[in-house]
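Note sheet for the following structure.
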Amino acid sequence: MKLKAALSVVLVAVSCTAVSKLSADESETFTLDEVEAADEKPAKPAVVDTSAAVAEALGDLRWGISKDELLKLLKKRMRADLDRRIKAERDVVRQDALFRAAQEQARRLSEDYVSFDGRKTGWDVSPIAGEFAHGNGEAMLVVAHGNTRNTRDLYFFVRGKLWKWYRELQNQDSDDALAAYRARFGRGSPQRERMSESKTPYDGVTWTDAETRLTLIRRGTDLCLIFEDKAAVEQLAVTRRRSAPKATKTHAALDVESILMTDSELKARDARTY
């Protein structure tokens, strides 16, 4: 009897141990699933083809085209937009109003052309004053799209060739804007070229491909997309320095020179001056 009792105690202990082990195994299996799920690598963000995205944004715009070629292209776009809007508008009176508005916009295209030939313009004290220079054969065509779209396009030329497209998107102060453009063009890098009045870089991003540099800046409540011909940007850095007017020396500077110069040097300088 004592032996049977002892065996019963052992069997109960073994059974309890087995049940405990089973419970532990079940618990361990559940925890392992959680661990495996936690260890799964997050999905990689989609790779963005910056060159393709920039090309899509430029459309049929090409660097180096003339003013006349650009006007022809813009009128073609206006015509396509007008056709689309007229097809969507069934009222004949409103169709006629759309047609007349498009005609007026096309007529004004050539009028909003500014040559930066040294004469002061309102643009010299505007937020885009740093986008052009005088005396270097530079000019700009302004295309406003009306209050409904809050968009203005500025097309810049140098010696008759298009080299920059500056698009202002008014009242676009959205916290998600930069993220949206990064999703479209890629991550890019922080822009450092364009400064505010306080000489600090505007918040923005820069992307580049083989031919184009694209910069997005936040300027107050406006967003500005700036497409530039990379080759022209590099050349302008040189041509603008060459065309900049030479600074004349002040009387104070000439007086200092007079003290430091010999008599023969003074005569030579005076001969050059007069």
In debye to the nearest 20, how big a dipole does the range 87-187 give about its Cα centre with +1 on each Lys and Arg Cβ and -1 on each Asp and Glu Cβ? 360 debye
Which of Gly160, Leu109, Ser198 sits closest to the plus end of the dipole of the range 50-243, meaning its Cα is farthest towards the positive end, when Lys and Arg get +1 and Asp and Glu get -1 on the C-beta? Gly160
Using a simple charge model, +1 on the beta-carbon of Lys and Arg, -1 on the beta-carbon of Asp and Glu, nothing else, what dipole does the range 50-243 show about its Cα centre, in debye to the nearest 20? 320 debye
Cα-Cα over 30 Å, subset of Lys87/Lys161; Lys76/Lys120; Lys67/Lys120; Lys75/Lys199; Lys72/Lys199; Lys67/Lys199: Lys87/Lys161; Lys76/Lys120; Lys75/Lys199; Lys72/Lys199; Lys67/Lys199
If you take the square roots of the eigenvalues of the alpha-carbon gyration tensor of the range 46-144 and sort them as a ≥ b ≥ c, do you get rounded (a/c under 1.5), prolate (a/b over b/c) or oblate? oblate
For the range 50-243, build the convex hull from the C-alpha positions and give me its volume per residue in Å³. 137 Å³
How would you rank Trp165, Trp123, going from fewest to most other Cβ atoms within 10 Å of each one's own Cβ? Trp123, Trp165
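Laboratory data are not the source of any read-out in this text; all were calculated from the coordinates shown. As the structure is a prediction and not an experimental result, all values here were calculated from the model. Reconstructed Cβ throughout: ideal geometry from the backbone, glycine too, with neighbour counts over all protein chains shown.
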